[in-house]
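Enquirer: The structure is given below, and queries will be raised subsequently.
Please treat every number below as a calculation from the coordinates, not as lab data. These figures come from a predicted structure and were not determined experimentally. Don't worry about glycine lacking a Cβ; one is built from the backbone with ideal geometry, like all the others, and counts go over all protein chains shown.
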Amino acid sequence: MKLNGVHHITAITADAQSNVDFYVGVLGLRLVKKTVNQDDPTVYHLFYADEKGDPGSDLTFFEYPGAPLGRAGDGMIHTIGWRVASTGALDFWAGRLADARIETERADETLRFADPEGLGHELRLNRVDDEPLTAEHPEIPGEHALQGFDGARAYANDPEASRPLFEEALGFEPREDGWEARDESRGGLYAYDPPPAPPERGLQAAGTVHHIAWASKIEEHEAWREKVIAGGGHPTPVIDRFYFRSIYFREPSGVLFEIATLGPGFTVDEPLEHLGEKLSLPPDYEHLREQVEPQLKPISNPRVPA
């Protein structure tokens, strides 16, 4: 069994509208699902992805209105990596982000920046043959669009503590700088950096990553849970999230991992052409709609005409 790279990455925002404005309006992702946090259905859970809502491109946010700005520390992901097709794409994004008053840091094959709440991103020149996962945006040429996740970087004081779980249980392959989770069709990278000095406790709040999910085939999901247990991890039972099934556990360096299934997917309750246009509630939460929906501030999607 092999994991199919990154399934999704979930972060925290203090303001859903500003979050949509940046990730849809500036980065050109598609809002593919507007729903609620199933562990706290009083708040939004927003999903951004490529045009089809594919795993591998799916950045999600819990909205906690008024949350303070957080900071990444030991045991937390600090940078999300995205693939782009060319150095011309890096040039395009340097200009587009500058127009949006976002500071960038350019290297030969990367472009680093942070979203308005401080969440770190890095655009990386694509060096693999995985299918590009792109969304449509009238201001972003298709050849310059984000192509899905390349991976993530986290802080850890002792990254070697995670090696046995990664290589023996999860099947991560060691690379020069970190590890890769890859099957026959897709892969994703994961690496560590030393925590900032002087040491400062991380604060999980707005602008920080909550967890990273790795993708598994549905029929292999239970077997992955057993592999995590055999590797010394302590996974939750399988949780049915309606759009996919999940198990959660903390890897030895402290980052919250999830293994999520490739399906059923976001079209299980909305047609592809109208993904993300209304508040979607899984069947087990539909009875809460009259209580929940009035408490959620309406969102204007730049992609959808008013």
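Enquirer: What is the projected area of the convex hull of the Cα atoms of the chain, averaged over all directions, in nm²?
Expert: Answer in nm², one decimal: 15.3.
Enquirer: Still on this structure, I have one more. So what's segment 55-165 giving for Cα Rg divided by 2.2 N^0.38 Å, two decimals?
Expert: My calculation over the Cα atoms of segment 55-165 gives 1.17.
Enquirer: Keeping to pairs on different chains or 8 or more places apart, tell me how many lysine pairs in the chain have Cα atoms under 23 Å apart.
Expert: For the chain, the number of qualifying lysine pairs is 13.
Enquirer: Once the piece of chain linking Ile229 and Lys278 is laid out straight, how much longer is it, given 0.36 nm per residue of separation minus the C-alpha distance between them?
Expert: 13.8 nm
Enquirer: Show me the GluC sites (Glu not before Pro) within segment 71-132 that DSSP assigns to loop and that have at most 11 other Cβ atoms within 10 Å of their Cβ. Please report the intermediate quantities before stating the final value.
Expert: Values: sites: Glu103, Glu105, Glu109, Glu117, Glu122; in loops: Glu103, Glu109, Glu117.
Answer in residue order: Glu103.
Enquirer: Now a separate question. Treat each spin label as a single point 7 Å out from the Cα along the C-beta direction, and report the Asp91 to Thr236 distance in nm.
Expert: For Asp91 paired with Thr236, the spin-label model returns 4.6 nm.
Enquirer: Let me ask another. Between Ala100 and Asp183, what is the spin-label point distance in nm, taking each point 7 Å from the Cα along the Cα→C-beta axis?
Expert: In this crude spin-label approximation the distance works out to 3.1 nm.
Enquirer: What's the Cα-based Rg to Rh of segment 61-100, Rh via Kirkwood?
Expert: 1.12
Enquirer: Can you give the FRET efficiency for Ser300 and Glu143, using 1/(1 + (r/R0)^6), R0 = 30 Å, r = Cβ-Cβ distance, to the nearest 0.05?
Expert: Plugging the Cβ-Cβ distance into 1/(1 + (r/R0)^6) gives 0.55.
Enquirer: Hey, got the dipole for segment 170-294? About the Cα centre, +1 on K and R Cβ, -1 on D and E Cβ, debye to the nearest 20? Please report the intermediate quantities before stating the final value.
Expert: Working: 12 positive and 23 negative charges, 73 e Å.
Once rounded to the nearest 20, the dipole reads 360 debye.
Enquirer: Taking 8 Å as the Cα distance limit and 6 or more residues as the minimum spacing, I'd like the relative contact order of segment 6-295 as a percentage.
Expert: Details: 637 pairs, mean separation 68.1, N = 290.
Rounded, it is 23 percent for segment 6-295.
Enquirer: For each of Met1, Met76, count neighbouring Cβ atoms within 10 Å of the residue's Cβ, then give the residues from fewest to most.
Expert: Ascending Cβ contact count within 10 Å gives the list Met1, Met76.
Enquirer: Here's a follow-up. Given the options Gly187, His45, Ala215, identify the residue whose Cα lies farthest towards the positive end of the charge dipole of segment 6-295 (+1 on Cβ of Lys, Arg; -1 on Cβ of Asp, Glu).
Expert: His45
Enquirer: Give me the percent relative contact order of segment 28-187, please, defined on Cα pairs under 8 angstrom at least 6 residues apart.
Expert: For segment 28-187, the relative contact order is 25 percent.
Enquirer: Can you tell me how much longer the chain between Asp158 and Glu286 gets when fully stretched, taken as 0.36 nm per residue apart minus their C-alpha distance, in nm with one decimal?
Expert: Roughly 41.7 nm would be gained on extension.
Enquirer: Compute for segment 180-306: radius of gyration divided by Kirkwood radius, i.e. Rg/Rh, restricted to C-alpha atoms, rounded to two decimals.
Expert: 1.02
Enquirer: Using the crude model of +1 on Lys and Arg Cβ and -1 on Asp and Glu Cβ, and no other charge, please compute the dipole size for the chain relative to its Cα centre, in debye to 20.
Expert: Numbers: 29 positive and 53 negative charges, 80 e Å.
Charge dipole of the chain: 380 debye, to the nearest 20.
Enquirer: OK, next. Note the full-extension length gain between Asp108 and Leu69 as 0.36 nm times their separation in residues minus their Cα-Cα distance, in nm to one decimal.
Expert: The span from Asp108 to Leu69 would gain 11.0 nm if fully extended.
Enquirer: Over segment 3-77, what per residue volume does the convex hull of the Cα atoms give, in whole Å³?
Expert: Dividing the Cα hull volume of segment 3-77 by its residues yields 118 Å³.
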